[in-house]
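The values are calculated or read from the model by the stated rules, or taken from the named source; none is laboratory data. This is a predicted model, so every value here is computed, not measured. Backbone-built Cβ (ideal geometry, glycine too); neighbour counts: all protein chains shown.
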Amino acid sequence: MDAAAPRFAMVAGEASGDLLAGLLLGGLRGRWPGLLAQGIGGPKMAAQGFEAWWPHDKLAVRGYVEVLSHYRELAGIRHQLAERVLAAKPDMFIGVDAPDFNLELEARLKAGGIRTVHFVSPSIWAWRGKRVEKMRKAVDAVLCIFPFEPEIYAKQGIAAHYVGHPLADTIPLEVPRAAARQALGLGDETVVALLPGSRRSEIQYIAPRLFGAAAEMNQLRPGLRFILPVVPGLRHLVEPLRRQHADRVTVELLDGRSHEALAACDVTLVASGTATLEAALFKRPMVIAYAMHALSWQMMKRMRYQPWVGLPNILLRDFAVPELIQGDATPQRLAHATLSWLDDAQRCADVQRRFHALHLELRRDTARAAADAIASILGR
């Protein structure tokens, strides 16, 4: 290893965090080819030379009730990781998203004299605003992926840098629809992409509704083609749900390939989360579904500050696309909301125009901007 290159400890949870952290690592390695990065991560990070002490899917838990059931294991990993990082004394710790896990870890590391940066601001502008107090104690700086976030932190005396959203750099402005269809073996049929999420709890609560919606749409409009990209390692959870809820309709399961699925489809039915932003960047009309354990939802909805849950709607400050949440996310309602896009070409064109403008706003060469911000924090 290059003695002059910095050493980083990093934590990224679940597939979306691995994707973002892999892009960040690419930018950092462009500046410091000999850097060392270790901690918790996934395959995208490994492709950039990251050394994973634990796999990223250990952190793929969502909701209060679900976290409680895994608390002992998560707390044990966090304790062991903190001890290991404090002993290694890297130049910086970078927590990528996963605030429930990372903020407490970052606070301990910062108290131990290690610089800490949090990449991807928690949604303090959407719910749980009191987290900003925890952020102040935990981090030296925040790397923000949305343009309105640094002002919020400035008012709280926390250093923050807008670096754009890395997905806006990697997803092309002009959607390669024909190439994606060819790669997936699709013709000119109408294609519906189902994206039930990357977490086990999302598969549990959302996938059955999406499969049920596919069965409903198949009855109402035979001839539709359904594709569902499956996060690696979760196919064994998805297959039985497909047989249970959509045994009479063909839903083609893809191993990953979510970007190709979004580029190829005519409309997508998608779980709330990063995938909704990916769908917007691919200029896809969508219906956002959101469901979780009933107790988790009762607790979460009391903390909401905004009427929207989907990132495209939050960023556009409007119900640009339908959101069907919890009890409203029935297969019938999801099916009808999805089919309504296919019946209104003008509505599709209008939302695609808005998504194109959003794409331009978020495109900031995030890998370089984040590497520059980290270099300035390190004083290099």
- Task: Can you give me the number of residues within the stretch 226-246 that are surrounded by 19 or more Cβ atoms within 10 Å (Cβ to Cβ) and either of a type in the set (Asp, Glu) or within 20 Å of Asp188 (Cα to Cα) (or both)?
- Result: 4
- Message: Looking at the stretch 1-36 only, could you name the residues that are of a type in the set (Asp, Glu) and in contact with a Lys or Arg (Cβ under 8 Å, 6 or more places away or on another chain)?
- Response: Glu14, Asp18
- Within the stretch 328-348, identify whether any single residue is modelled with pLDDT under 95 and part of a helix (DSSP H, G or I), and answer yes or no. yes
- Among (1) out of contact with any Phe, Trp or Tyr (no Cβ under 8 Å at 6 or more places or on another chain); (2) over 30 Å from Arg364 (Cα atoms); (3) in contact (Cβ under 8 Å) with a residue 40 or more places away in the chain, the one test that Gln204 misses: (3)
- In the stretch 90-116, residue nearest to Val132 (Cα to Cα) [restricted to those that are in a helix (DSSP H, G or I) and of a type in the set (Gly, Ala, Ser)]: Ala107
- Quick one: in the stretch 315-327, which of the residues that are hydrophobic (A, V, I, L, M, F, W, C) and either in a loop (DSSP other than H, G, I, E, B) or farther than 13 Å from Tyr290 by Cβ (or both) is nearest to the chain's Cα centre (by Cα)? Leu315
- Pull up the stretch 35-60, narrow it to residues that are buried (at least 20 other Cβ atoms within 10 Å of the Cβ) and small (Gly, Ala, Ser), then point me to the one that is nearest to the chain's Cα centre (by Cα). Ala60
- Of the residues that make up the stretch 247-267, is at least one among the basic types (Lys, Arg), over 26 Å from Ala98 (Cβ atoms) and buried (at least 22 other Cβ atoms within 10 Å of the Cβ)? no
- For helices (runs of 4 or more DSSP H) lying entirely in the stretch 131-213, having 2 or more residues that are of a type in the set (D, E, K, R) picks out 131-138, 149-155, 177-183
- Per-region count, the stretch 70-108, residues of a type in the set (A, V, I, L, M, F, W, C), surrounded by 17 or more Cβ atoms within 10 Å (Cβ to Cβ) and touching a residue at least 60 places away in the same chain (Cβ under 8 Å): 9
